[in-house]
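So that we are looking at the same thing, I have put the structure below in structure tokens.
The values are calculated or read from the model by the stated rules, or taken from the named source; none is laboratory data. Just so we're clear, the structure is a prediction, and the values are computed from it rather than from any experiment. As a convention, Cβ positions derive from the backbone with ideal geometry for all residues, glycine included, and neighbour counts pool all protein chains shown. Ligands, DNA and RNA are excluded from the accessible area calculation, which covers all protein heavy atoms including side chains. Shrake-Rupley method; radii C 1.70, N 1.55, O 1.52, S 1.80 Å.
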Amino acid sequence: MEFKQWYMEYKIHKNRPGLLGDIASLLGMLEVNILTINGVENRTRGMLLQTNDDEKIEILGRMLQKVDNITVLKLREPKLVDILAVRHGRYIERDSDDRKTFRFTRDELGMLVDFLGEVFKRDGNQVIGLRGMPRVGKTESIIAGSVCSNKRWTFVSSTLLRQTVRSQLSEEEMTPNNIYIIDGIVSTIRSNEKHHALLQEIMAMPSTKVIEHPDIFVKESAFEYSDFDYIIELRNTPDEEISYESFTMGFNDF
């Protein structure tokens with residue numbers, strides 16, 4: 001059987017001396033490797049484990065149920081949020097109603113870039129929406145995430161340097177391995193027929209598309225929220241309201 005990763009998270013009720021050593025010894029006797037370990041939230045510890053025998057994980061779970069000082073909260077194949085929790089020491093905030101919506105603040109840009117980097121590594125069609133006010137770091141995070149995933153990025157539309165509305169891309173740019181960056185306001189309110197045709201072609205490609213201002217994109221196009229795999233919200237502060245009125249007004253003149 002090939003080696004497989006598992007995520008284990010447990011809550012500590014009494015952090016007595018030697019507790020971690022005892023758990024590590026148990027894992028060692030079962031020949032389960034610890035790849036990463038970190039504190040996750042308050043009095044909770046997460047571990048990324050590896051073994052080539054699924055039955056050992058089942059045995060581990062049953063044995064740890066008998067340990068009074070801890071309670072195992074999660075023992076499963078790792079999800080993306082689990083991997084990032086071990087790396088950064090906390091879970092990403094998610095919307096309680098819409099589980100595909102993830103929230104970050106500007107002081108968590110490192111975690112956001114790591115999140116995007118992991119998502120960008122995946123092949124196939126992915127559509128990611130990125131909400132946020134101007135100059136909060138949206139485009140910079142997408143570019144940094146592309147670098148982390150070792151993929152190229154291509155601006156289809158943008159306001160980063162100047163108004164960019166592409167009507168065609170080179171053959172080198174039209175590859176599934178590219179990360180396509182689309183400004184939802186520019187591509188809908190400022191788009192011409194050639195840009196619209198290019199946009200339709202890109203959206204149909206088996207590649208990753210990141211759409212800034214997804215709410216405007218949905219409002220002004222035929223695409224729907226169900227087309228998005230992830231919605232990311234980036235704010236300067238946790239209580240900042242993301243409002244489009246202040247920076248869409250100028251586009252209506254065109």
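Each row is one residue, and each column tells you yes or no for (1) open to solvent by less than 10 Å² (accessible area, probe 1.4 Å); (2) assigned by the TED database to the domain that holds ILE231; (3) touching a residue at least 24 places away in the same chain (Cβ under 8 Å).
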{"residue": "VAL127", "(1), (2), (3)": "yes, yes, yes"}
{"residue": "MET133", "(1), (2), (3)": "no, yes, yes"}
{"residue": "THR139", "(1), (2), (3)": "no, yes, yes"}
{"residue": "GLY145", "(1), (2), (3)": "yes, yes, yes"}
{"residue": "CYS148", "(1), (2), (3)": "no, yes, yes"}
{"residue": "ARG152", "(1), (2), (3)": "no, yes, yes"}
{"residue": "PHE155", "(1), (2), (3)": "no, yes, yes"}
{"residue": "LEU160", "(1), (2), (3)": "no, yes, no"}
{"residue": "THR164", "(1), (2), (3)": "no, yes, no"}
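Just one of GLU220, GLU233, GLU173 is touching a residue at least 24 places away in the same chain (Cβ under 8 Å), on the phi < 0 side of the Ramachandran plot and either in contact with a Phe, Trp or Tyr (Cβ under 6 Å, 6 or more places away or on another chain) or open to solvent by less than 40 Å² (accessible area, probe 1.4 Å) (or both); which is it? Spell out the reasoning first.
Values: GLU220 fails: either in contact with a Phe, Trp or Tyr (Cβ under 6 Å, 6 or more places away or on another chain) or open to solvent by less than 40 Å² (accessible area, probe 1.4 Å) (or both); GLU173 fails: touching a residue at least 24 places away in the same chain (Cβ under 8 Å).
The match here is GLU233.
Within the stretch 103-125, can you find the residues that are touching a Leu at 6+ places or on another chain (Cβ under 7 Å), among the charged types (D, E, K, R) and crowded, with 18+ Cβ neighbours inside 10 Å?
Correct list: ASP114 only.
Okay, moving on. Read through the list (1) without any contact (Cβ under 8 Å) to a residue 40 or more places away in the chain; (2) among the small types (Gly, Ala, Ser); (3) surrounded by 13 or more Cβ atoms within 10 Å (Cβ to Cβ), then give the number of the only condition that GLY89 fails.
GLY89 satisfies every listed condition except (1).
Yes or no, residue by residue, for (1) open to solvent by 30 Å² or more (accessible area, probe 1.4 Å); (2) within 22 Å of PHE120 (Cβ to Cβ); (3) at pLDDT below 95:
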{"position": "TYR180", "(1), (2), (3)": "no, yes, no"}
{"position": "SER187", "(1), (2), (3)": "no, yes, yes"}
{"position": "HIS196", "(1), (2), (3)": "yes, no, yes"}
{"position": "SER207", "(1), (2), (3)": "no, yes, no"}
{"position": "ILE211", "(1), (2), (3)": "no, yes, no"}
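Does the stretch 46-58 hold any residues that are surrounded by fewer than 19 Cβ atoms within 10 Å (Cβ to Cβ) and either outside any helix (DSSP H, G or I) or in contact with an Asp or Glu (Cβ under 9 Å, 6 or more places away or on another chain) (or both), and which are they?
GLN50, ASN52, ASP53, LYS56
Say whether the condition of being out of contact with any helix residue (DSSP H, G or I) (no Cβ under 8 Å at 6 or more places or on another chain) and of a type in the set (D, E, K, R) is met by at least one residue in the stretch 129-139.
Taking every residue of the stretch 129-139 in turn, at least one turns out to be out of contact with any helix residue (DSSP H, G or I) (no Cβ under 8 Å at 6 or more places or on another chain) and of a type in the set (D, E, K, R).
A quick yes/no check of all residues on (1) of a type outside the set (Val, Ile, Thr); (2) part of a loop (DSSP other than H, G, I, E, B):
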| residue | (1), (2) |
| --- | --- |
| MET63 | yes, no |
| VAL67 | no, yes |
| LYS74 | yes, no |
| PRO78 | yes, yes |
| ILE83 | no, no |
| VAL86 | no, no |
| TYR91 | yes, yes |
| ASP98 | yes, yes |
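If I filter the stretch 92-102 down to residues being at pLDDT below 95 and under 10 Å from the mean Cα position of the chain (by Cα), which single residue comes out as surrounded by the fewest Cβ atoms within 10 Å (Cβ to Cβ)?
LYS100
Among VAL119, VAL136, which is in a loop (DSSP other than H, G, I, E, B) and aliphatic (A, V, I, L, M)?
Result of the check over VAL119, VAL136: VAL136.
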